[in-house]
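Beneath this line is the structure, given in structure tokens, with notes to follow.
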Amino acid sequence: MGNFKISVLVLVFSLSLQTLTFSQEKVIDSLKNELLLHKKDDTTKVNLLNALSASYTSFDFKKSEEKAQEANSLAKKLNYKKGEARSFLRLGIQHRKKSEYDKAGENALKALKLYEEINNLKGINSSYISLGVTAYRSNDNDKALAYYTKVLNYSRKQGDLKQQASMLNNIGGVSYSKGNFDDAIDFYKQSYALREQLGEEKKGLGVLNNMGIICLNQGKYTEALKYFNKNLDIHRKNNNKDGIATATYNMSAVYYELKQYDKTLMLLEESLELYRELGIRHQISSCLINVGAVYADLKEFDKALDFMTESLSISKEVNDKGELSAGNFQLGDLRLLMNQPKMALKHYKTSLELSLSIESKISSCHAQIGLARAYVELENYSKALYHAQEGEKIAKKLELLPQQKMALGILATVYEKTSNYKKAFESHQQFKILNDSLFNNENIENITKLEYEYKYKQQLDSASIRELQLTKTVTATNKDLEESKQNYLWAIIGFLAVSILLGGVIFYLKFRNVKSETQNIIIEQKLLRSQMTPHFIFNSLSVLQGMILNKESKKSVVYLSKFSKLLRIILENSRDKMVSLNQELTAVENYLALQNLESESYKYTVKVDDTLDKSLFEIPPMLIQPFVENAIEHAFVDQKEVKKIDVYLAYINKKIICTITDNGIGIDSEKITKNRHKKSLATTITSERLKMLSNDLKIKGSVTIEDRQKDNEQGTIVTLVIPHKIRIK
């Protein structure tokens, strides 16, 4: 799995957001009607054109710009400086949306000059806001902060709570960009508190979005999704395309972190389509780079490279240093996956230079970790150690749990490669603790529950609207119909009732299907957590430490080699839905050998019948290992005679049959000596997973566990029927 980090969008309040309402389509219709009735070329017409331009901002950028141009031309003709200045601000917003920051700044300065000439303080502040947003978008955080602070101080003197709320949010955005998360959260909370005081919670959506982004960066995925879902729900109801695009874009980052790539791509595609329609170039670039990151993780490298190259090209055209830094970082990760560490190193260095130039601590952290990974591949462990430590230092300071986890994983590898086993062990322990905190079952199930609630709420809202419309229709019709038409009316009502009932059945079936898909995801997550349990890793490292302390150097080298190989195979297999049968059996053999190395306590065999070509088949990973582990841990309690475990595979009646046989005490004896109701977690999860895989691959899978006593033999036999695919060579 690559260590890609897809970007998110922090919202700032500009003039366009200040004028945004949540019934814009009605406002647009009203303004268009007024404009049609107003034939005279006067200041009123200029004001109407500027208002119409503002209303179009979130729906149709082209029309917004056209109306601003009309207003500007008429205002100049009338020498109406206030209207002309307002139109310059509107034009500046459109240029900024197209990432034309120089033109955006020029228009804002023209507006500022005109407002100063007529001593319009409100207009002067609006100009400073526009200049601040433009500076922020072009990564000049210090200049943006200066403009925002100037407006905040003025609004406090005037007691303007609305403007204070907007500026506090914007200053929070600057703090976030600089990596000062505590300051950012403080500013966001102040902003939202003012919105609540004003009864304008809807206008605080941008603040909620930004709070969600901080939660995302800190690995608080459930909280992040709550904020983003709330934004998306309101923006969909009001058909705010810009808002929908932003919410879906940011939500995709949560699902990416959870490795749910289908949902990530679905959300990014919706966002990209809307941004293309709106012509917001810097966000088109962001979407493209993120889509590329997903395809890279899916090992579709050509697709990934195409998307990333297109993104970088747009970022260069608009001179967006933030996106250029992100793009180079993603390309570095891609080149690593393509086994091109020298090219990766070049991209990471460029990313670090750009992130330092715009003072982005988050981007610097990503780049430092990327450099460490590249140097590991190039076997330059001293430089890898330096950059991993730098990355971890920033991640700790900013409380970026996913980045801390990555840095610790790299440190564990570097320490292992440089024979510093104590530090390797410590780093790996910390890595596991962070990994478990990020991907615990409660976290995953909370997100699943949240997703259900959101989808169900959408369906419920839709059903309520339909019911209300139906009630209104029936009531209105009742008033108009004569007594002779009542039977006809009841027929209509009956038909509509049946339609609603059928709709409910369809909704239930769809909902059940979604639940089934999500259950599959949860089972996969549980498997990943159970397949290499912490106690096995820690026990293995403890055994290794004991060998080293006992100066059993040859034995420890063999043990370390097998442990590393097994760990690598299992981690590689865990990211794929299907793996070659040959690869899976190699993992099983390594596991048996490793567990047996310390005391050679049992004999084992892994045999494949001649009917089964190992190179021809693919099977789901980690189906056999849990049952082998059960045999090792539970089958040979107090057994003194020779212990044996045999794994045998054959291809019978177009089915892959695998048996795991031991000569231990037998499953029936185990039930007597242990709690009857206690089941192995790995065995339970594998059984659940087999049911899901059977449906997915259209090949029935099953597991049976029997005591060999019925065949007058000692021990237990597990029989697996494994769903499979035939590899296309």
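Brief remarks follow.
- Answer from E269, E257 - the residue that is touching a Pro at 6+ places or on another chain (Cβ under 8 Å) and either hydrophobic (A, V, I, L, M, F, W, C) or within 25 Å of K226 (Cβ to Cβ) (or both): E257
- If only residues of the range 196-222 that are without any contact (Cβ under 8 Å) to a residue 12 or more places away in the chain and part of a helix (DSSP H, G or I) are counted, the one that is surrounded by the fewest Cβ atoms within 10 Å (Cβ to Cβ) is E196.
- Test result for E353, under 22 Å from the mean Cα position of the chain (by Cα) and modelled with pLDDT of 90 or more: no
- When we screen D233, D242 for residues that are surrounded by fewer than 20 Cβ atoms within 10 Å (Cβ to Cβ) and over 28 Å from G332 (Cβ atoms), the only hit is D233.
- Scanning the range 276-331 for residues that are hydroxyl-bearing (S, T, Y) and surrounded by fewer than 24 Cβ atoms within 10 Å (Cβ to Cβ) yields Y295, T309, S313.
- For the range 25-83, filtered to residues that are of a type in the set (K, R) and closer than 27 Å to I280 by Cβ, the residue that is farthest from the chain's Cα centre (by Cα) is K32.
Residues checked against (1) hydrophobic (A, V, I, L, M, F, W, C); (2) at pLDDT 80 or above; (3) touching a strand residue (DSSP E or B) at 6+ places or on another chain (Cβ under 8 Å); (4) buried (at least 20 other Cβ atoms within 10 Å of the Cβ):
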| site | (1), (2), (3), (4) |
| --- | --- |
| T673 | no, no, no, no |
| K678 | no, no, no, no |
| D707 | no, yes, yes, no |
| D711 | no, yes, no, no |
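- Residues satisfying the stated conditions in the range 13-68, i.e. crowded, with 19+ Cβ neighbours inside 10 Å, at pLDDT below 80, assigned to a helix (DSSP H, G or I) and touching a Leu at 6+ places or on another chain (Cβ under 8 Å): L15, L17, F61
- Selection from the range 79-90 of residues that are surrounded by fewer than 24 Cβ atoms within 10 Å (Cβ to Cβ) and more than 19 Å from L121 (Cβ to Cβ): N79
The values are calculated or read from the model by the stated rules, or taken from the named source; none is laboratory data. On a predicted model such as this, the values are computed, not experimentally measured, just so you know. All Cβ positions, even for glycine, are placed from backbone atoms using ideal geometry, and neighbour counts span all protein chains on display.
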